[in-house]
1. Select from the range 76-85 the residues that are of a type in the set (A, V, I, L, M, F, W, C) and surrounded by 14 or more Cβ atoms within 10 Å (Cβ to Cβ) and write down the one among them that is farthest from LEU133 (Cα to Cα).
2. With the requirement that a residue be hydroxyl-bearing (Ser, Thr, Tyr) and free of Cβ contacts under 8 Å to residues at least 24 places away in the same chain, what does the range 103-121 give you?
3. Counting only residues that are within 20 Å of GLY107 (Cβ to Cβ) and either without any contact (Cβ under 8 Å) to a residue 12 or more places away in the chain or aliphatic (A, V, I, L, M) (or both), which one in the range 50-68 is surrounded by the fewest Cβ atoms within 10 Å (Cβ to Cβ)?
4. From the list ASP214, ASP243, pick out the single residue that is in a helix (DSSP H, G or I), more than 30 Å from ARG282 (Cα to Cα), among the charged types (D, E, K, R) and open to solvent by less than 80 Å² (accessible area, probe 1.4 Å).
5. Inside the range 28-41, can you point out the residues that are open to solvent by 60 Å² or more (accessible area, probe 1.4 Å) and more than 56 Å from the chain's Cα centre (by Cα)?
6. Can you tell me which residues in the range 87-145 are charged (D, E, K, R) and under 25 Å from ILE64 (Cβ atoms)?
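The values are calculated or read from the model by the stated rules, or taken from the named source; none is laboratory data. Small disclaimer: the values here were computed from a predicted structure and weren't measured. All Cβ positions, glycine included, derive from the backbone under ideal geometry; neighbour counts span all protein chains shown. These accessible areas exclude ligands, DNA and RNA; they are computed on the full protein's heavy atoms, side chains included. Shrake-Rupley method; radii C 1.70, N 1.55, O 1.52, S 1.80 Å.
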Amino acid sequence: MRLGFSGGVAAVIVLLLLIVGYSSVFTVYQTRQALLVRLGDPVRIVTEPGLHLKFPLLDSVILIDKRILDLENPAQEVIASDQKRLVVDAFARYRVRDPLKFYQSVGSVDGANQRLSPLLNSALRRVLGEATLTHVVRDERAQLMSRVREQVDREAQAFGISIVDVRIRRADLPEQNSQAVYQRMQTERQREAAEFRAQGNQRSQEIRARADRDVTVLIAESTSKAEQTRGEGDAERNRIFADAFGKDPDFFGFYRSMQAYEAGLKQNDTRMLLRPDSDFFRYFTDPNGRRNSPGAPAASAPPAVAR
């Protein structure tokens with residue numbers, strides 16, 4: 001009995017020692033940092049990962065994330081300095097810099113998000129309210145985000161938080177304003193298109209009129225030059241014929257008759273009814289082309305038909 005009782009006591013003592021030993025250590029992971037609180041009072045901050053000691057039943061460990069956390073902010077309307085309404089969708093990233101101040105001021109990540117969201121909205125209204133629509137959308141967007149981050153970071157230091165970055169995801173006009181701007185832009189582009197089209201038509205008409213005038217002038221000049229050249233050619237031809245007739249009238253007459261035969265006796269629908277002793281066939285009756293004398297009797301041959 002004594003051995004059984006002693007064994008039970010020893011087992012209880014060992015169990016208590018195990019419980020006390022287990023409750024005397026805690027683990028801190030690389031993504032966490034710990035705040036050690038003893039009876040409600042903060043004792044120390046542990047940032048190094050690994051196993052650490054604490055007083056059992058007296059100390060409690062509060063783990064706080066030391067990674068970069070996200071703050072999603074709902075879209076809100078902001079009035080720019082040029083009185084343009086903007087729907088701004090922004091978000092922030094932050095890190096817990098002082099775990100003790102963080103725990104005492106906000107207590108948790110959800111509490112931090114609830115406290116930081118109004119600060120981010122106020123900073124956005126202040127900074128974007130001093131800028132124009134063009135600056136927010138295009139020209140100075142990066143500088144404006146940097147100013148918002150500096151203002152939020154300055155106010156978030158009271159919570160033990162450091163603002164890493166602030167980004168404007170989207171900055172657009174409200175839906176009704178966007179439709180009005182789109183319609184105005186569409187009307188303006190249609191007006192510009194009509195103006196460009198009218199200018200193009202006017203320009204095309206000018207070019208076409210100039211081209212027609214140039215064509216008329218070129219045709220007239222070409223016709224004049226052709227007529228002049230043709231007249232010079234005819235004059236030269238007549239001169240050559242005249243020189244040839246003066247040198248040998250018989251040969252010239254024979255040559256012209258051969259040309260007349262070639263042109264008149266082609267196979268076509270033209271028909272000629274002539275006498276064999278007519279002047280047209282004088283080289284048929286006489287190789288020298290001599291005409292019959294007035295006193296000579298007329299040939300008794302029947303009239304010839306040329307086709």
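1. The first filter runs over the range 76-85 and keeps only residues of a type in the set (A, V, I, L, M, F, W, C), leaving 78-80.
Now narrow it down to the ones that are surrounded by 14 or more Cβ atoms within 10 Å (Cβ to Cβ): 78, 80.
Numbers: VAL78: 10, ALA80: 6 Å.
Going through the qualifying residues, I end up with VAL78.
2. Taking the range 103-121 as the starting set, the residues that turn out to be hydroxyl-bearing (Ser, Thr, Tyr) are 103, 105, 108, 117.
SER108 - this is the single residue of the range 103-121 that is hydroxyl-bearing (Ser, Thr, Tyr) and free of Cβ contacts under 8 Å to residues at least 24 places away in the same chain.
3. Going residue by residue through the range 50-68, those that are within 20 Å of GLY107 (Cβ to Cβ) are 59-68.
Now narrow it down to the ones that are either without any contact (Cβ under 8 Å) to a residue 12 or more places away in the chain or aliphatic (A, V, I, L, M) (or both): 61-64, 68.
Numbers: VAL61: 15, ILE62: 17, LEU63: 16, ILE64: 19, ILE68: 12.
In this case the residue turns out to be ILE68.
4. On the way: ASP243 fails: more than 30 Å from ARG282 (Cα to Cα).
Exactly one residue qualifies, and that residue is ASP214.
5. If we filter the range 28-41 for residues that are open to solvent by 60 Å² or more (accessible area, probe 1.4 Å), which is where we start, we get 29-30, 32, 38-41.
Hits for the range 28-41 are ARG38, LEU39, GLY40, ASP41.
6. Initial filter on the range 87-145 (charged (D, E, K, R)): 89, 93, 95, 97-98, 101, 110, 115, 125-126, 130, 138-141.
Once the filter is applied, which keeps residues that are charged (D, E, K, R) and under 25 Å from ILE64 (Cβ atoms), the range 87-145 yields ARG93, ARG95, ARG97, ASP98, LYS101, ASP110, ARG115.
Here's the yes/no breakdown for (1) of a type in the set (Ser, Thr, Tyr); (2) in contact with a Lys or Arg (Cβ under 7 Å, 6 or more places away or on another chain); (3) within 22 Å of VAL164 (Cβ to Cβ):
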site	(1), (2), (3)
SER23	yes, no, no
ILE45	no, no, yes
LEU58	no, yes, no
VAL61	no, yes, no
